[in-house]
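J.: I have a structure here, written as C-alpha cells, and I will follow up with some questions on it.
The values are calculated or read from the model by the stated rules, or taken from the named source; none is laboratory data. Every value quoted in this text rests on a predicted model; they were computed, and no experiment measured them. Cβ coordinates were reconstructed from backbone atoms using ideal geometry, including for glycine residues, and neighbour counts include every protein chain displayed.
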Amino acid sequence: MKIIQIDKGQWVSGLNQAAAAYRLFGPVKEKEFHSFKPLTNGLQPDLSCLNTRLSPKSIIYPQSEVMFDYSLDERREDHHQLMEIAKDYSPKAVVGIRPCDAKAFVMVRLNFDTPDYQDPYWLRAYESTTFIGLGCEAPCSACFCTSAGCGPYHEEGLDVLLADAGDRYLAKVMTEKGAAFMAAAGWKTAADGQADATLAGMRQAAEAKITSFVPTDNLRSLPNNDLYNATFWEDVSFACINCGACTYSCPTCWCFDIQDETRGTSGVRLKNWDSCMYPLFTLHGTGHNPRGTKLHRVRQRFMHKLKYFVDKYDRGIQCVGCGRCVRLCPVNIDIRRVALMMNGFAASGEACAIES
Amino acid sequence: MEHMGIEPGRLQFSWISSAESTKFVEVVTQVTNAIKALGPNSDFTKKLAEVA
Amino acid sequence: MLSYAEKIREIAGRLLSSGAVDMVIGFRQGTVPMMNEPHFAKTPAEVGKLVWDSHCGINLANYLTDRKEKIGIVAKGCDSRNIVTHVIENKIKREQLVVIGVPCKGMADKRRIAMKCPGEITEVIETETAITAAGNGFSQTFDKRDVLQHNCSLCIHRNPAIHDELVAELVEEQQGVDRYADVRSLEAMTPEQRWKYFEDLLAPCVRCYACRNACPLCYCPTCFVDESRPQWVGKGQDPSDVRTFHFLRAYHCAGRCTDCGACERSCPVGINMRVFTKKLEKDCLDLFGWEAGLSLDVRPPLDVYRPNDPNDFIK
C-alpha cells in the first residue's frame, strides 16, 4: 500500500489524462444539490460537496435498466428470442465518492454475488468500476458512520482514498485497480515518510467531529420475535407516508421489480428500483398482501436494516450512517431514534421508554 | 395539456349522438386532417422505454 | 405563534381527558433542524410532546383517511380545507372530528433557508417574526416573510375553514395576492418553451411518490401508476412516463387541491410540482368560480353536472 502525493496543480490535468482510459463520474452541483454525473467535456468533480443528495448506487445499478429485448417479427433473424442488450462495461471511475457510499457497495454485493446466484448486470458494472474516494474532513450533523462500522476515512470498497492536505492530496492506493488509475492519470510522486502519520491524524480529527452516535451492540442478541412484537412500532410508523424517499436515497437498499413493457410485436424486460415502503411491494398473485398495513412495512424496513441483516451476515447493521434517509424523510422518521429504541429494548416485552 | 407544452389542436372534443352519423364522418375527417397537418407528435411518445 | 404549542397541548389534554376524542394528531419535535414529525397522543400524559412552529408544513389531514376513531386534529387553514374535502368525499365523518384550528401566517421553506446559508445548518431558532439559522462559523437571521413556502406567500385562506377549537385569534387574510403569476408566465411561453420547461422541472424525479403520498387527496387504494392489469403508465424512468405520472396526478387533484404545499415540501429532490396543480386550480376558479374545501355544504363542480357548465370547448 503506497501513498502518492498529488499536487493540486496537477489534479485537473491528471483527471483529463485518466479520462482517456476511463469514463469518469463525480459529484456535480445542479440547482440546489450535488449528484454524481458523467464528467464529460472536461466537467470537473466538485470536491467541496459534503455528499450527494442521492447515493451513487445508480452508477452501478441504474434506476431503470433494460435486461433484454425481443421481437415477434418473423422477418427478423432473432425473432422469438430473448436478446441481451448491449451495454457499456468499459472501465469507469467514480471520483470523489465518500467512504460510506463505497462501503455500501461492498455490503450490497453480499446480495448480488452469492454462491448460488450472481446478478450479471450489477456485478459486471461493479467490477469494471474503480472507486477513488475522498475522506470526509467535515462530517455532517446527521452522519453516524462511526456507529455503522464505517467512518470518514474508512477504506472498505475503495481502490484509492484521497485526503485533502491543503496544497496537495494524499492518495492511499490500496488495490491494483487503484494503482492502474493512478498510472493512467500520471500521478506517481511518492509522498514523504510523514504521509502515513498525516493521514492517521486526519482520520482521527474527522472521527472526532462526528456528533451523532447510535448504539447497536444489543441488536444481535435480542430475540427476533420480541422485537417484532414490540409495542413501539405504532408510534414509530404513524408519521410514515410510505413513499420511497428513504429507500431510493439509501446506498445499501437493493430491492427491484422486474416487468415487461411491450409495444406491438416487440418488447423489453425492465428492472426498476422498488421500495418495501410501497403498499404493493409484497402483493401476492393470489391477492393476499402479508404487509398490507403501514405498520408492517415500516417495521419490516427497520427490522431488515437493524436486525435481520445483522443476524444473517454477522457484519453489523445494513446501514453506513450516511444520513440521507434522516435528512430526506418528509416526515422526519429517524433511523437513529428507532435504532436507539430497538437496541434499548428489554426482552421482557416492555418497550424501553427511550425518546430522543 | 397545452399548459404542459403539447401543441394546441391535438386534443379535440365534440358532442355527437349515435344518430348523427353524418356529423360523425365530418368531424372524424376534419380532426384527422387537422392532426395530420400538425405532423407526428415526437415529444410525448414512447416507443420502448428510454432507460439505461 | 410561539404560544400556540401551549394552547394545543391544553386543548389536546382537555379533549383526551374528557373522552371527547380517542387520539389527537399533531406534531412532535423533529430530530433535524427545520423538521417536525407528525405524531399522535392517546392519553393526557402524552400531550406534552406536541409542538408548533414554522416547520409544521406537512398536511395532517393526510392521516385521517378511513380512520374509525374520534380524532382531535390540529389544522391550519389549508389543512382544514382538506378536512372539508375529506368529509365531502366520505373519507372521514364530520362527527368523528374535533378540529383544532390554527390561524397560520405561513410555514418556513427549509430549502430556501438552506440556499441562503453558506454551510450545513445545525441549529434553528425562531421568534415571533424571525428565524435564525446557524452552523459552523455562520449565523443568519431572516424575516419570516422572506423565507415562506411559496404556497404560503400566496395564501388567501390562512384561517381555518372549519374548526371546533381555535388555538389563537384569527389572523388577517392577505389582500391583493396574485396567485397565478407563475401560471400566466407559463401561458405566455410557446409550446416548445413550455415543453422544455417541464422537461427540466421533472428531470430529477425519481418516482418516489413522496408528493403523492404526502397529499391528502391521494388516497386511492391502488394508484393509477401502481396498476398493472391494465397498465396505464410505465413504472420506469422513461421521461414520458415520469411526465404522465405528474400531470395525470394533477388532474386527479383538479378542483380538490388546496395548495397546501405538502407535495413540494416532501419532494427529496426539490421539484416544484405545484406548477401543474396551480393551472388546474386557476381553471376551476375561472370556469366554475370554485375554490376547494371552503364549505361542507356545497358539492364540488367536478362532482356535479349543471346545465350551464362551461362547454364551449366542445364543438
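J.: Being more than 16 Å from A:R324 (Cα to Cα) and buried (at least 19 other Cβ atoms within 10 Å of the Cβ) is the filter here, so list the residues in the range A:29-39 that pass it.
T.: Across the range A:29-39, the qualifying residue is only A:L39.
J.: Within the range A:233-270, which residues are in a strand (DSSP E or B) and either among the hydroxyl-bearing types (S, T, Y) or at the interface with chain C (Cβ under 9 Å from one of its Cβ atoms) (or both)?
T.: A:D257, A:Q259, A:E261, A:T262, A:S266, A:L270
J.: Still on this structure: Those residues that are in a helix (DSSP H, G or I) and hydrophobic (A, V, I, L, M, F, W, C), I need them from the range A:182-198; list them, please.
T.: A:M182, A:A183, A:A184, A:A185, A:A195, A:A197
J.: Looking only at the range C:278-290, filter to residues that are free of Cβ contacts under 8 Å to residues at least 24 places away in the same chain and surrounded by 10 or more Cβ atoms within 10 Å (Cβ to Cβ); which one of those is nearest to C:K91 (Cα to Cα)?
T.: Ranking the candidates gives C:L285 first.
J.: Just the residues that are assigned to a loop (DSSP other than H, G, I, E, B), away from chain B (no Cβ under 14 Å) and not aliphatic (A, V, I, L, M), please, taken from the range C:184-221.
T.: Residues satisfying the conditions are C:P204, C:C208, C:Y209, C:C215, C:P216, C:C218, C:Y219, C:C220, C:P221.
J.: OK, next. Only one residue in C:P33, C:P44 is of a type outside the set (A, V, I, L, M, F, W, C), within 30 Å of C:T129 (Cβ to Cβ) and at pLDDT 95 or above, so which one is that?
T.: Residue meeting the stated conditions: C:P33.
J.: Separate question: Give me the residue from the range A:1-34 that is more than 22 Å from A:K177 (Cα to Cα) and within 14 Å of another protein chain (Cβ to nearest Cβ) and, out of that set, farthest from the chain's Cα centre (by Cα).
T.: A:K31
J.: Looking at A:G9, A:G42, A:G26 in this structure, which one is crowded, with 21+ Cβ neighbours inside 10 Å and of a type outside the set (F, W, Y)?
T.: Matching residue, one of A:G9, A:G42, A:G26: A:G26.
J.: In addition: Output the number of the condition that C:R249 fails; it satisfies all remaining conditions of (1) farther than 28 Å from A:T52 by Cβ; (2) within 19 Å of the chain's Cα centre (by Cα); (3) in a helix (DSSP H, G or I); (4) more than 10 Å from every other protein chain (Cβ to nearest Cβ).
T.: Here C:R249 meets the rest and fails (1).
J.: Next question, about the same structure. Yes or no: the range B:17-35 includes at least one residue that is in a loop (DSSP other than H, G, I, E, B), more than 8 Å from chain C (Cβ to nearest Cβ), surrounded by 12 or more Cβ atoms within 10 Å (Cβ to Cβ) and over 10 Å from the mean Cα position of the chain (by Cα).
T.: yes
J.: Across the range A:45-95, which residue is surrounded by the fewest Cβ atoms within 10 Å (Cβ to Cβ) among those that are among the aliphatic types (A, V, I, L, M) and over 30 Å from A:A138 (Cβ atoms)?
T.: Among them, the one singled out is A:A86.
Quick grid of which residues meet (1) at pLDDT 95 or above; (2) part of a loop (DSSP other than H, G, I, E, B); (3) within 14 Å of chain A (Cβ to nearest Cβ):
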{"position": "C:S240", "(1), (2), (3)": "no, no, yes"}
{"position": "C:F245", "(1), (2), (3)": "yes, no, yes"}
{"position": "C:C260", "(1), (2), (3)": "yes, yes, yes"}
{"position": "C:R265", "(1), (2), (3)": "yes, no, yes"}
{"position": "C:L287", "(1), (2), (3)": "no, no, no"}
{"position": "C:L294", "(1), (2), (3)": "yes, yes, no"}
{"position": "C:N311", "(1), (2), (3)": "no, yes, no"}
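J.: Determine whether the range C:46-59 contains at least one residue that is crowded, with 22+ Cβ neighbours inside 10 Å and among the hydroxyl-bearing types (S, T, Y).
T.: Yes, the range C:46-59 contains at least one residue that is crowded, with 22+ Cβ neighbours inside 10 Å and among the hydroxyl-bearing types (S, T, Y).
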